[in-house]
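The values are calculated or read from the model by the stated rules, or taken from the named source; none is laboratory data. A quick note: this is a predicted structure, and the numbers were derived from the prediction, not measured. Quick reminder, even Gly has a Cβ in these numbers, built from the backbone with ideal geometry, and neighbours come from all protein chains shown.
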Amino acid sequence: MTALELIAAPLIIAGVGFFLVGSLGVLRLPDLHSRLHAVTKADNLGLGLIASGLALQADGLAEAAKYLAIWLAILPASAVAGHLIARLALRDARTAEAHKPTRTPS
Amino acid sequence: MNALLPYLIAAVALIALGLRALLLHRDTLRRLLAINVLGAGVFMILIAAARRADGLPPDPVPHALVLTGIVVAVAATALGLALDRAVNSAATDDDRRPDAGNRGDDNPGDAGRDHAS
Amino acid sequence: MSELAKLLPMALDLILLTSVVVLAALVLGGHRRATGRNDARRRVILFIAFGLLLALLWASLGAPDVALAEAAIGAGFAGALLFAATNALPVEAENKVSAARHAGPAPVGHGLEWLINFGIAAFAILLLGALWLSLPALDTDRLGPAVRTVLPETGVSNPVTAVLLNLRAFDTLLEIAVLLTAALAIRQLGPARAASAAPEGMLTALVPWLVPALILTAGYLLWVGAHAPGGAFQAGAMLAAAGVVLHLTGRSGGGLPSPRWQPWALIAAVAVFLAVGLAGLALNGVFLGYRGASASVLILLIETAATLGIAAMLISAYLGGDGGGDEAGDEAGQAPGAPR
């Protein structure tokens with residue numbers, strides 16, 4: 001094992017750990033908003049760790065830059081996607097609330 | 001045991017699932033998804049067959065076939081969705097007309113005769 | 001260690017295969033009569049996941065070109081297409097009475113279902129048996145060496161691109177013609193879907209970054225296809241993705257040129273492909289016959305036209321009708337589904 005691999009391996013293992021926690025969050029957390037919270041944050045961090053781990057082992061700078069470019073492309077995409085899903089869920093919940101038949105308070 | 005066998009079993013499973021849903025259901029979306037799953041099964045046979053043992057590079061011809069297939073599948077899906085949309089919007093238009101079903105609405109000659117009389 | 005290095009990829013593939021089959025069952029399964037919007041969206045999202053796992057599987061099987069196309073077109077673009085279609089479906093009602101009213105056409109009866117299941121089980125066993133018997137034939141290397149022998153003369157070093165754009169260029173020409181036929185048919189079926197009336201602020205803010213990045217990626221994939229995974233189809237899908245983003249943020253033309261030029265954008269790919277083919281016929285006596293030094297230039301020419309044409313056709317298919325173009329489109333987008 002080279003010195004670079006010794007640094008890269010813990011980064012990748014930590015990244016996989018974050019992915020695992022994020023996925024567990026999607027399965028275990030009670031509602032959509034907290035699930036989104038888990039998946040967007042944990043997966044972005046996990047992907048960043050895995051990408052840096054792989055970049056350290058890459059053949060040359062160009063390949064390393066590609067790994068980091070993947071991470072940089074995913075960051076805004078997942079942030080915006082998470083935001084859009086949360087907004088849509090909120091809007092759906094409000095419409096459902098508005099259409100609910102009004103009950104007389106007992 | 002042959003290394004290709006798991007891929008072939010999965011491919012046959014996808015083909016069977018797709019074919020079953022295609023025959024069983026009548027809603028357009030599920031049928032289109034079924035055709036896509038069925039296609040994925042066929043692609044899996046081709047890609048698995050392209051792989052060579054002993055570290056030889058895979059056969060590029062089935063890869064090119066599958067690439068073509070993916071594009072044609074998405075074109076067929078888009079056409080299916082557009083047809084469904086056109087049929088549905090025609091059906092809703094018929095429902096909205098006050099005299100729907102009473103006479104041949106689709107015949108433009110009818111309307112012309114009414115105005116003339 | 002070497003045993004482990006052999007077993008790990010196999011184990012990963014087995015997990016992927018199982019997940020793919022389970023996802024396919026979930027995509028197509030569920031309640032027999034469920035046809036509402038939420039049910040459809042659940043199916044489409046699972047289908048996108050199904051496509052992404054397939055892409056991983058293709059990459060693991062040594063087919064990176066197919067993996068890119070599957071992720072970009074099979075999962076990404078088809079996903080956007082199917083998801084947009086779910087908007088037209090009625091939302092499931094909470095109470096049972098109106099839910100029954102919204103339920104789609106009844107599926108086949110139970111007797112027929114039993115017959116279908118039996119028939120398909122028999123067919124699956126037959127198919128698996130036939131594949132099992134043809135395993136020795138599948139394992140022999142026939143076309144691969146043939147492609148490798150002529151590869152230096154094809155003008156590109158990526159064997160898949162060589163097959164698509166040189167050795168079997170005729171098939172690819174016909175495939176693009178199929179795509180064109182579908183796009184033209186869709187245009188005849190009515191007005192395009194209206195663009196989102198109130199685009200989300202965050203998505204709109206992303207456009208000045210995302211669209212140029214997608215165009216740049218498309219250019220890169222187009223160029224790199226000559227010697228590495230990539231090519232016109234993947235590049236065209238990237239451009240089409242930019243069009244979808246533009247449509248989602250209120251531009252109802254989806255980045256397509258004005259109506260005057262749209263038909264030309266659609267037929268550009270087929271026209272250039274055909275022109276190169278006929279030039280080959282005139283010069284070498286072979287339709288689409290090009291070898292050696294000029295081949296790489298001609299392939300790049302065809303692929304550039306194909307990228308633009310495929311993008312135009314895919315965007316047109318996504319709009320789902322006669323796209324008005326960015327100048328005139330917003331007018332047409334005002335009244336979706338209105339009788340013309």
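Does the range C:20-78 hold any residues that are of a type in the set (D, E, K, R) and assigned to a helix (DSSP H, G or I), and which are they?
Scanning the range C:20-78 gives C:37, C:39, C:41, C:42, C:43, C:65, C:70.
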Report summary line: Condition set closer than 18 Å to residue C:259 by Cα and surrounded by fewer than 17 Cβ atoms within 10 Å (Cβ to Cβ), scope the range C:182-224, selection farthest from the chain's Cα centre (by Cα): answer is C:188
Query - Residues located in the range C:175-207, provided they are among the β-branched types (Val, Ile, Thr) and more than 9 Å from every other protein chain (Cβ to nearest Cβ) - result: C:204, C:207
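Give the residue that is surrounded by the most Cβ atoms within 10 Å (Cβ to Cβ), with candidates limited to residues of the range C:260-291 that are among the small types (Gly, Ala, Ser) and in contact with a helix residue (DSSP H, G or I) (Cβ under 6 Å, 6 or more places away or on another chain).
Residue satisfying both the conditions and the ranking: C:269.
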Query raised in the report: For the range B:77-88, what are the residues that are touching a residue at least 40 places away in the same chain (Cβ under 8 Å) and within 7 Å of chain C (Cβ to nearest Cβ)?
Result: B:77, B:81
Query raised in the report: If you go through the range B:62-74 one residue at a time, how many are crowded, with 23+ Cβ neighbours inside 10 Å and either outside any helix (DSSP H, G or I) or within 7 Å of chain C (Cβ to nearest Cβ) (or both)?
Result: 7
Query raised in the report: Counting only residues that are of a type in the set (Gly, Ala, Ser), under 15 Å from residue B:85 (Cβ atoms) and within 7 Å of chain B (Cβ to nearest Cβ), how many does the range C:70-88 have?
Result: 2
Query raised in the report: What residue, among those in the range C:1-13 that are exposed (fewer than 13 other Cβ atoms within 10 Å of the Cβ) and of a type in the set (A, V, I, L, M), is nearest to the other protein chains (Cβ to nearest Cβ)?
Result: C:10
Requested in this report: Exactly one condition in (1) at pLDDT 85 or above; (2) over 23 Å from the mean Cα position of the chain (by Cα) is not met by residue C:284; state its number.
Outcome: (1)
Requested in this report: Please go through the range B:14-54 and pick out each residue that is charged (D, E, K, R), closer than 19 Å to residue C:116 by Cα and within 7 Å of chain C (Cβ to nearest Cβ).
Outcome: B:20, B:26, B:27, B:30
Query raised in the report: Counting only residues that are facing chain B (nearest Cβ under 9 Å) and more than 20 Å from the chain's Cα centre (by Cα), how many does the range C:152-167 have?
Result: 4
